[in-house]
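Working notes for the structure below.
The values are calculated or read from the model by the stated rules, or taken from the named source; none is laboratory data. Note that this is a predicted model, so its numbers are computed, not measured. Heads up, the Cβs are rebuilt from the backbone with ideal geometry, glycines too, and the neighbour counts pull from every protein chain shown. We work out accessible area using only protein heavy atoms, side chains counted, and drop any ligands, DNA or RNA first. Shrake-Rupley method; radii C 1.70, N 1.55, O 1.52, S 1.80 Å.
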Amino acid sequence: MDANRGPILFRCDGTQERGWEPLYQCLALAAALQRRRRGTHFFSYLDPLSLATVINRGNNDWAPAENMIGSDRDLDATLAQVRRHDAAAVVVAGEGITADYLAALRETGTLVVAFDSTAGIKFECDLVVNPLLAPGRKPYRVGPGCQRLLGSRYALCRGVFRRQRTIRATEPPAPFRALVAMGDDDFAGDAVTRTQQLLATGKVAKVSVAARTHHPRYDELLDLADHSKGTVEVLTETKELMTRLVRIHFAVTAGDMWGPELSVVGIPQLVISQTQRHGANGKKMDDEGVATYLGDSAAVGAEQLGEAVAALLDDPMERKGMTRCARNLFDGRGPDRIVNGMEVMLHSPVRLRRAGVLPATLPFRAAA
């Protein structure tokens, strides 16, 4: 039996203050790890606490963290979890991570993987992953032995998007339908505002809004849908989203991980960012021809959005070009590639020797 076939520990939080994106990134990777028969354990500080059911629904174990990620007291608790589960690897995602934090985890001998799209620290870990298009390789400072997995080949994608890729081979017929997917965080509450602005253009017959139940303006979205006479719907469940992806003509996104996922399906996008790192990703998506980046949320008004929608819907060749570029750039296999990289590193001779699976030196074989 492989002595290194241990579980994977995820250290990530999901709160309104710091956002929920790191949690959902880890959930996407955990699903790919489970396909390789790896146990997955989450150690997370959650707000609201109902997010624990989302973690458990994905067949993951969850233990509550008492401190936010990156703090001194959190480091001791995380180290205890690593020892408790005898984790083969620990995946860290979220703000507050420091080089010392990663180095302390690495000293346990477990494989340390960091999710990051800011390149703001030196990564004293084994593997750093950027599931977005920006920044590229150059800004990342890494310690000895650290590998980098960056770019479109490692974009996280949930199974619901991969399954719809083959179904939406061609653009659906009119009337035009739009999807508003402002991400797992939506700090500015743009989902409500952009939905109202899309309806005001007169170009869109129906708007579907993808929003979690913990969205800061979720109740407003429900009220908007109730009074829209069927022109607005709110999607919270994966099954609902599956049936809509093949019917929409374009999406308004925020440049987060939803952008690459929708690109896997081949859906044209208008990107309105809310953070600097998502803005950099939106610009890169524009450069690659998979989306049109309109700018930061505070600088994009109803008139600018209306002009962009009209230009996109009046030009079928532009939409076809975006679809083709998006499907060529993103294939939806990012999680599997990340898992392959982790497995290769976990089964390297050096790491197996440290775990005691291989002898320190090979026995001498005398010549016949």
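A few comments on the model shown:
- Within segment 210-227, residues that are in a loop (DSSP other than H, G, I, E, B) sit with their Cβ atoms under 8 Å from residues that are β-branched (V, I, T), at 6+ positions apart or across chains, in these pairs: A211/V234; A211/T236; R212/T236; T213/T236; R217/V192.
- Matching residues in segment 149-194 - criterion: being more than 25 Å from F115 (Cα to Cα), of a type in the set (S, T, N, Q) and either touching a strand residue (DSSP E or B) at 6+ places or on another chain (Cβ under 6 Å) or in contact (Cβ under 8 Å) with a residue 40 or more places away in the chain (or both): Q164
- Restricting segment 142-173 to residues that are within 18 Å of P260 (Cβ to Cβ) and assigned to a strand (DSSP E or B), the residue that is most open to solvent (accessible area, probe 1.4 Å): R148
- Of all residues in segment 45-60, none are surrounded by 14 or more Cβ atoms within 10 Å (Cβ to Cβ) and over 19 Å from the mean Cα position of the chain (by Cα).
- Applying the set (1) in contact with a Leu (Cβ under 8 Å, 6 or more places away or on another chain); (2) at pLDDT 95 or above; (3) open to solvent by less than 60 Å² (accessible area, probe 1.4 Å); (4) under 25 Å from K283 (Cα atoms) to F176 leaves exactly one unmet item: (4).
- Looking across segment 40-52, the residues that are of a type outside the set (S, T, N, Q) and in contact (Cβ under 8 Å) with a residue 40 or more places away in the chain come down to H41, P48, L51.
- Annotation: of all residues in segment 19-60 being of a type in the set (K, R) and out of contact with any helix residue (DSSP H, G or I) (no Cβ under 7 Å at 6 or more places or on another chain), the one that is nearest to V91 (Cα to Cα) is R38.
- A93, sole failed condition from (1) modelled with pLDDT of 95 or more; (2) open to solvent by 10 Å² or more (accessible area, probe 1.4 Å): (2)
- Screening G306, G255 for residues that are in contact with a strand residue (DSSP E or B) (Cβ under 9 Å, 6 or more places away or on another chain) and either open to solvent by less than 30 Å² (accessible area, probe 1.4 Å) or touching a residue at least 40 places away in the same chain (Cβ under 8 Å) (or both) leaves exactly one candidate, G255.
- Residue within segment 125-137 that is surrounded by fewer than 16 Cβ atoms within 10 Å (Cβ to Cβ) and within 20 Å of L33 (Cβ to Cβ) present: no
- The residues in segment 331-343 that are within 16 Å of the chain's Cα centre (by Cα) and either of a type in the set (V, I, T) or assigned to a helix (DSSP H, G or I) (or both) can be counted, and the count is 6.
Here is a yes/no grid of residues against (1) modelled with pLDDT of 95 or more; (2) surrounded by fewer than 19 Cβ atoms within 10 Å (Cβ to Cβ); (3) under 17 Å from the mean Cα position of the chain (by Cα):
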{"residue": "L270", "(1), (2), (3)": "yes, no, no"}
{"residue": "T275", "(1), (2), (3)": "yes, no, yes"}
{"residue": "N281", "(1), (2), (3)": "yes, no, yes"}
{"residue": "S297", "(1), (2), (3)": "yes, no, no"}
{"residue": "G301", "(1), (2), (3)": "yes, yes, no"}
{"residue": "E318", "(1), (2), (3)": "yes, yes, no"}
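- Scan of segment 61-90 for residues that are of a type in the set (S, T, Y) and surrounded by fewer than 21 Cβ atoms within 10 Å (Cβ to Cβ), ordered by number: S71
- Per the conditions (1) closer than 20 Å to P216 by Cα; (2) surrounded by fewer than 24 Cβ atoms within 10 Å (Cβ to Cβ); (3) in contact (Cβ under 8 Å) with a residue 12 or more places away in the chain, the sole criterion not satisfied by E237 is (3).
- Summed over segment 54-88, residues that are within 16 Å of G6 (Cα to Cα), among the acidic types (D, E) and either out of contact with any His (no Cβ under 6 Å at 6 or more places or on another chain) or assigned to a helix (DSSP H, G or I) (or both) total 1.
- Test: L49 is part of a loop (DSSP other than H, G, I, E, B), touching a strand residue (DSSP E or B) at 6+ places or on another chain (Cβ under 9 Å) and either more than 20 Å from P260 (Cβ to Cβ) or among the β-branched types (V, I, T) (or both): yes
- Top-ranked residue of segment 107-124 - restricted to ones that are of a type in the set (A, V, I, L, M) and open to solvent by less than 20 Å² (accessible area, probe 1.4 Å), ranked as farthest from K284 (Cα to Cα): L111
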